[in-house]
Structure formats: C-alpha cells, structure tokens
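Asks: Let me begin by handing over the structure; questions about it come next.
The values are calculated or read from the model by the stated rules, or taken from the named source; none is laboratory data. If you're wondering where the values come from, they're calculated on a predicted model, not measured in any experiment. A quick note on method: Cβ atoms are made from the backbone with ideal geometry, for glycine too, and the neighbour counts reach across all protein chains shown. The area values use the complete protein model at the heavy-atom level, side chains included, leaving out ligands, DNA and RNA. Shrake-Rupley method; radii C 1.70, N 1.55, O 1.52, S 1.80 Å.
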Amino acid sequence: ARRGIRLASKDLEYQAFANAFPFEETADQAEAIGKVIADLDAEQPMDRIVCGDVGFGKTEVAMRAAFVAVQAGKQVAVLVPTTLLAQQHAANFADRFADWPVRIESLSRFRSTKETTAVLEAVEKGTVDIVIATHRLLHANARFKDLGLIIVDEEHENSYKQDSAPRYNGRDLAVLRGHLEKSAVLLGSATPSLESFHNTETDKYHLLTLPERADGQSLPIIRIVDMRIEGKKNKGGPAILSDPLRGRMEAKLNEGEQVILFLNRRGFARSIQCPSCGHVCECRHCAIPLTYHRADDRLICHMCGHQALPPKKCPECGDAAIRSQGYGTEQVESVIKKVFPQARVARIDTDTMRRKNALRETLQKFRQRKIDIIIGTQLVAKGHNFPLLTLVGVIDADLGLQGSDLRAA
C-alpha cells in the first residue's frame, strides 16, 4: 500500500473502536466504511458522498474513517456549517475517541485569537489529529503536516457559502483542497444538494447510500396540520400552536418525555407594519424588513446587523396603531411558557447562544432531563441524540419553501 495503511477489518485496534459503537453494523455501513478506508490508501482518492436519513449511521462512517486515518499517522479536518456546531461535534468526537490517545480541537468564533493561533500552530506541527471548524479553516492560514481525510458534514447547507469577498462555497473548496493534498474527501448529508447529487450521476462523486437505520428502529410518523383551520379557531389571531400539537405536547410532558419545537426564524416578530398605510420598517442598507426583538427592544436586520429603535407611530402616516406581524422563536417561547407554565423551557438560537459553551451546556441539560422543551432554529436540527425526545413540532413548516434561493422548494 502506498501509505502503508493496513486493512482496517483485520486491525485489532480498529475492531476495538468499531465494537464501541452501540448498534450492530449494517451491511451498507460496512460497505461504505470499507470504500472510504480504501480511499485513504489510494494514489488519487475518490470524492464520496454518504447519504442516509438521521440515525442511519453517517456519522459512524465518518468517525471510523477518521480513526483509521489517525492510526495511520494522518490528520483529519471536519467541516461543519456553523461555529455553534463546532463545539457540539468536538464533544461527540471526544466521546467516541475517549479511550484512544487522539488530540481533538475545535475552532469557532467563541475562541480567542490567541487560542485559535495556538490550535493552528499545533495543526501545522502535527500534534493535533482531528480539527473541527467551519469552512474558513481551509482558506485561512491553516497548514496541515499530513492531511489524510476531509469530512464535510451537512454538505448541502447554505452556511458553507461565503457571502463576502472572496466568495466561494466551502464544500467545493474542501474538494479542491483534497485534490491538491491527495486526501480523501467524504461529504455527508441526509438531503444532498442538487449540485452534489448531479456530480454522483456524472461519476464525479461516488454515492454511498445507507437505506436503513443503524438502530433498527422505524422512522417517525409525520402528521401535517392545516394552520388555516387552526387560525379560524383562534378568531383571526396568529395560530402558533395547533390543537393536535398542544395535545401531544401535554401527553409527552405528563409521561416525562421531551419535546423540541423547530422554527427557523429568530426574534419576536418578523416585521413591524402599519395597518393604515401598509408601511413596513425596513433596513436602510439591505431594503428587507427589520425583525423585532422584544428582549432588546430593537429592530434588527438579520442580513447586515443594523439596529433601530421600534417606532411609537408610523413614520409615514403617523398612525399610532403600527404593530408587529408574524412571529419568531422569541414569541413562541413566550407562548409556550404561558401554555405550559410547569415545563422547563429553553430557547436555542444565535441570540441566546452568544456565550462560549452556551449551546453545549444547554444541550447537556436537555440530555440530563433538566429541560423539558427546547424551542430553536436550525441549531437544534443537526444530528443530536436525545433518548427521551419523542416529539418534534415544526412551527410554520411552509417557511422553508418561501426562501429566495432557487433550491428552496
């Protein structure tokens, strides 16, 4: 073998690592793992994308490949969509590699410049085996002593796109970096992007499919509720919780189980609008509606960060009846605390998770049953494992279809 990497299935260390996985390995998992490990020893590794629903073992495929790479003296770069998820992934990798002498580091905006510099220097010296960060790791001054594997988690995520100059897609940069350093590249997703899926059909990427859950459990039942009907029950007011969802939440809480409510819109209200003239408070830089955040009593642009005080009356016609429209996670949290006053509620979005380790601590409390209900944005939908989580409510599910991106629908 070019790099001297032994066949993993015959390696005792690898077998010990594999046996630490709580579920029996499926045939599709074994095939996928074998192909990725073979790439670690190839002269020009193939770019692969592993596709499988949540709980189907994609992360385990990545972790076993990372283990073999580290055992062979290679370094591993794990890319995640957002900085908040870097800490969570670092914790997951640390738990999985706890019995092996592997140094794992994460880079995020929560780390100081001094800490970041120290990690990058350790990566260049080769004393860090696995580094977990956002896509900026690859275009920054990150130099690896011997990079053997690049893992891109949730490769379809729009967060990999760099909006400011130089504009690029972190996923594509990872593939290019892999070609330059002759490193294996593994893209993971339950819903591959159209570009990546097209690349599998033109043989630019190789598709690895995991069609069954690793734990053998069936997929959850999904029920769709027509909120137009719920709105009529609410006498024209905004219907946030449907009767079926409220009833299921009450039942789950009485059984000592947990609930997550997902809404990918932060803030209290999505806009402030005048009922008389129709004026909407917009960002003077981006020309998009400003979102009202009640905790800060500010109107905030979620694109550029511009802030303004909410007006007491309409700036156009002077009507004092100007009011908020729509809702975000902040308002959902307020409603849930009123409907379920005994429940322990937490909100997870970029407004509440600014403090270092806040996300990790909140998710840990949820695992320890110190929190009953989490209301959150996409941060709560990223491969977490909660044994007592038995109900997920998607608030305003149509929101995802209304994006300006051509891929939205």
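Asks: Report, by residue number, each residue of segment 154-173 that is open to solvent by 60 Å² or more (accessible area, probe 1.4 Å), among the acidic types (Asp, Glu) and either at pLDDT below 85 or under 16 Å from Ala86 (Cβ atoms) (or both).
Replies: Selection gives Asp163 alone.
Asks: Condition first: over 29 Å from the mean Cα position of the chain (by Cα) and among the hydrophobic types (A, V, I, L, M, F, W, C). Can you find one or more residues in segment 300-309 that meet it?
Replies: So in segment 300-309, the residues over 29 Å from the mean Cα position of the chain (by Cα) come out as 308-309.
If we keep only those that are among the hydrophobic types (A, V, I, L, M, F, W, C) too, we end up with 308-309.
There is at least one residue in segment 300-309 that is over 29 Å from the mean Cα position of the chain (by Cα) and among the hydrophobic types (A, V, I, L, M, F, W, C).
Asks: Turning to a different aspect of this structure: Can you name the helices (runs of 4 or more DSSP H) wholly within segment 78-144 that have at least 3 residues being over 22 Å from Ala184 (Cα atoms) and without any contact (Cβ under 8 Å) to a residue 12 or more places away in the chain?
Replies: The helices (runs of 4 or more DSSP H) meeting that bar are 113-125.
Asks: For Leu85, only one of the following conditions fails: (1) hydrophobic (A, V, I, L, M, F, W, C); (2) surrounded by fewer than 20 Cβ atoms within 10 Å (Cβ to Cβ); (3) over 23 Å from Leu180 (Cα atoms). What is its number?
Replies: Tallying (1) hydrophobic (A, V, I, L, M, F, W, C); (2) surrounded by fewer than 20 Cβ atoms within 10 Å (Cβ to Cβ); (3) over 23 Å from Leu180 (Cα atoms), Leu85 fails exactly one: (2).
Conditions tested, residue by residue: (1) touching a helix residue (DSSP H, G or I) at 6+ places or on another chain (Cβ under 7 Å); (2) among the polar types (S, T, N, Q); (3) touching a residue at least 24 places away in the same chain (Cβ under 8 Å).
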| residue | (1), (2), (3) |
| --- | --- |
| Val225 | yes, no, no |
| Lys232 | no, no, no |
| Lys252 | no, no, yes |
| Phe268 | yes, no, yes |
| His279 | no, no, yes |
| Cys283 | no, no, no |
| Tyr292 | no, no, yes |
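Asks: Another question about this same structure. Out of segment 299-326, which residues are touching a strand residue (DSSP E or B) at 6+ places or on another chain (Cβ under 6 Å) and surrounded by fewer than 16 Cβ atoms within 10 Å (Cβ to Cβ)?
Replies: Gln307, Ala308, Gln325
Asks: Let me confirm something: among Ser164, Ser159, which residue is of a type outside the set (Asp, Glu) and outside any helix (DSSP H, G or I)?
Replies: The conditions single out Ser164.
Asks: I'm trying to understand the selection: among the residues of segment 73-124, which are at pLDDT 85 or above and among the charged types (D, E, K, R)?
Replies: Lys74, Asp95, Arg96, Asp99, Arg103, Glu105, Lys114, Glu115, Glu121, Glu124
Asks: Could you tell me whether Glu124 is of a type in the set (Asp, Glu) and touching a Phe, Trp or Tyr at 6+ places or on another chain (Cβ under 8 Å)?
Replies: Yes: the conditions hold for Glu124.
To keep it simple, each residue is scored yes or no on (1) buried (at least 18 other Cβ atoms within 10 Å of the Cβ); (2) modelled with pLDDT of 90 or more; (3) more than 24 Å from the chain's Cα centre (by Cα).
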| residue | (1), (2), (3) |
| --- | --- |
| Leu147 | yes, yes, yes |
| Ala214 | yes, no, no |
| Gln217 | no, no, no |
| Asn234 | no, no, yes |
| Gly237 | no, no, yes |
| Asp243 | no, yes, yes |
| Ala251 | no, yes, yes |
| Glu257 | no, yes, no |
